[in-house]
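Trainee: Handing you this structure, nothing more for now.
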Amino acid sequence: MTGRLRTTPIAALAAALLVGCTGQEAAEVPADQTAPSGTQEPTPDRSPAETGEDTADETDPPGPDDAEADREWGAQIMSPGLEGYVSQNVGEWTGIYLDSQLVAAFVIEEMELLGDCPNDRAEPENGYFLALQIAAETGADMEEQGLAQFPLTAQDFQVRLRDGGLVEGLLGNAADCLPEDERLPEALGPGEEASGVVVLDVPLDFEAVVLEGRRYALSGAWEWPRSQTSTQ
């Protein structure tokens, strides 16, 4: 769980992120799409070339081109549009789209409730420490699309409770839980990629981890259900 930040070569990033370079428009998510009550099934791990499907089909979530066909992509939130929650699976990539252009992407690779922290002096204020193992990357022209930085910190996440309420401000004592070199950088600039851990200080009765699209000038929100967490 070592955190690292790298500059992504422009050519590689274009292949990995910018769907528009293939000459195809990213599919718009229908405005009347609502959040599923359960966990959404992951996108099949097949490339458009293998399936013969039209990648511009509105029923297919925007995803990578052949260079990144091994990734699984969850439901995407486009700007403007979707309201409410979209359920994501751990291991599914999520895209940040501005003006239908994919400018950043991330994946929660694992959610783990920590029995304790490497720093024994760090005690959760709210109930548990929840570790999110995350990988993220940004396009070289992200700033030109209106996003100067791509933040993913404990302050950016919320949790949904059983009664539907949201709790934010999840940093608590989590900042002292892991060494700095294991943490995800607080923000990525254009043309960067990183991986590391974000630790949340969460209440006992949380039902899902939530990330609201408004952090990135989008509507709607993503959520990852508690049922997909593991225990240390």
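Trainee: With Ala136, Ala122 as the choices, which residue is free of Cβ contacts under 8 Å to residues at least 60 places away in the same chain, among the aliphatic types (A, V, I, L, M) and touching a Ser or Thr at 6+ places or on another chain (Cβ under 8 Å)?
Mentor: One residue alone meets the criteria, Ala136.
Trainee: Further, regarding this structure: From the list Gln158, Gln149, Gln145, pick out the single residue that is modelled with pLDDT under 95, out of contact with any helix residue (DSSP H, G or I) (no Cβ under 6 Å at 6 or more places or on another chain) and within 22 Å of Val90 (Cα to Cα).
Mentor: Residue meeting the stated conditions: Gln158.
Trainee: For Ser227, are the conditions met, namely being within 27 Å of Tyr97 (Cα to Cα) and small (Gly, Ala, Ser)?
Mentor: no
Trainee: Please determine, by comparing only the residues of segment 120-140 that are surrounded by fewer than 17 Cβ atoms within 10 Å (Cβ to Cβ) and of a type in the set (Asp, Glu), which one is farthest from Gln101 (Cα to Cα).
Mentor: Out of the qualifying residues, it is Asp120.
Trainee: Which count do you get for residues in segment 84-105 that are closer than 24 Å to Tyr128 by Cα and assigned to a strand (DSSP E or B)?
Mentor: 2
Trainee: Does segment 125-151 hold any residues that are part of a strand (DSSP E or B) and of a type in the set (A, V, I, L, M, F, W, C), and which are they?
Mentor: Phe129, Leu130, Ala131, Leu132, Ile134, Ala135, Ala136, Phe150 - these are the residues of segment 125-151 that are part of a strand (DSSP E or B) and of a type in the set (A, V, I, L, M, F, W, C).
Trainee: If Ala187 satisfies all but one of (1) farther than 19 Å from Val90 by Cα; (2) modelled with pLDDT under 90, what's the number of the condition it fails?
Mentor: (2)
Trainee: As an exercise: evaluate Ala122 against (1) more than 22 Å from Ala208 (Cα to Cα); (2) among the hydrophobic types (A, V, I, L, M, F, W, C); (3) in a strand (DSSP E or B) and give the number of the one condition it does not meet.
Mentor: If we test Ala122 against (1) more than 22 Å from Ala208 (Cα to Cα); (2) among the hydrophobic types (A, V, I, L, M, F, W, C); (3) in a strand (DSSP E or B), just (3) comes out false.
Quick grid of which residues meet (1) more than 27 Å from Gly84 (Cβ to Cβ); (2) in contact with a Phe, Trp or Tyr (Cβ under 8 Å, 6 or more places away or on another chain); (3) without any contact (Cβ under 8 Å) to a residue 24 or more places away in the chain:
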| residue | (1), (2), (3) |
| --- | --- |
| Met142 | no, yes, no |
| Thr153 | no, no, no |
| Val159 | no, yes, no |
| Val167 | no, yes, no |
| Glu180 | yes, no, no |
| Glu186 | yes, no, no |
| Val198 | no, yes, no |
| Asp205 | no, no, no |
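Trainee: Quickly run through segment 141-151 and pick out the residues that are loosely packed, with under 15 Cβ neighbours inside 10 Å and hydrophobic (A, V, I, L, M, F, W, C).
Mentor: Result: Ala148, single match.
Trainee: Against the condition of a type in the set (A, V, I, L, M) and on the phi > 0 side of the Ramachandran plot, how does Ala217 come out, does it pass?
Mentor: Spelling it out, Ala217 is indeed of a type in the set (A, V, I, L, M) and on the phi > 0 side of the Ramachandran plot.
Trainee: Still on this structure: Which residue pairs have Cβ atoms closer than 9 Å, lie 6 or more positions apart in sequence or on different chains, and pair a first residue in segment 209-230 that is basic (Lys, Arg) and surrounded by fewer than 19 Cβ atoms within 10 Å (Cβ to Cβ) with a second residue that is modelled with pLDDT under 90 and not in a strand (DSSP E or B)?
Mentor: Within 9 Å, the pairs are Arg214/Gly220.
Trainee: Sort out which residues of segment 161-177 are surrounded by fewer than 20 Cβ atoms within 10 Å (Cβ to Cβ) and modelled with pLDDT of 85 or more, and write them in order of number.
Mentor: Those that are surrounded by fewer than 20 Cβ atoms within 10 Å (Cβ to Cβ) and modelled with pLDDT of 85 or more: Leu161, Arg162, Asp163, Gly164, Gly165, Leu166, Val167, Glu168.
Trainee: While we're here: Check whether at least one residue in segment 209-232 is of a type in the set (D, E, K, R), closer than 24 Å to Ala122 by Cα, in a strand (DSSP E or B) and modelled with pLDDT of 90 or more, and report yes or no.
Mentor: Within segment 209-232 (the criterion being of a type in the set (D, E, K, R), closer than 24 Å to Ala122 by Cα, in a strand (DSSP E or B) and modelled with pLDDT of 90 or more), the answer is no, since none of the residues qualifies.
Trainee: Next question. Does any residue of segment 187-199 turn out to be closer than 20 Å to Asn119 by Cα, surrounded by fewer than 22 Cβ atoms within 10 Å (Cβ to Cβ) and touching a Gly at 6+ places or on another chain (Cβ under 6 Å)?
Mentor: No; the residues of segment 187-199 include none that is closer than 20 Å to Asn119 by Cα, surrounded by fewer than 22 Cβ atoms within 10 Å (Cβ to Cβ) and touching a Gly at 6+ places or on another chain (Cβ under 6 Å).
The values are calculated or read from the model by the stated rules, or taken from the named source; none is laboratory data. Remember, it's a predicted structure, so these values are computed and weren't measured experimentally. FYI the Cβ positions are ideal-geometry reconstructions off the backbone, even for glycines, and counts take in every protein chain you see.
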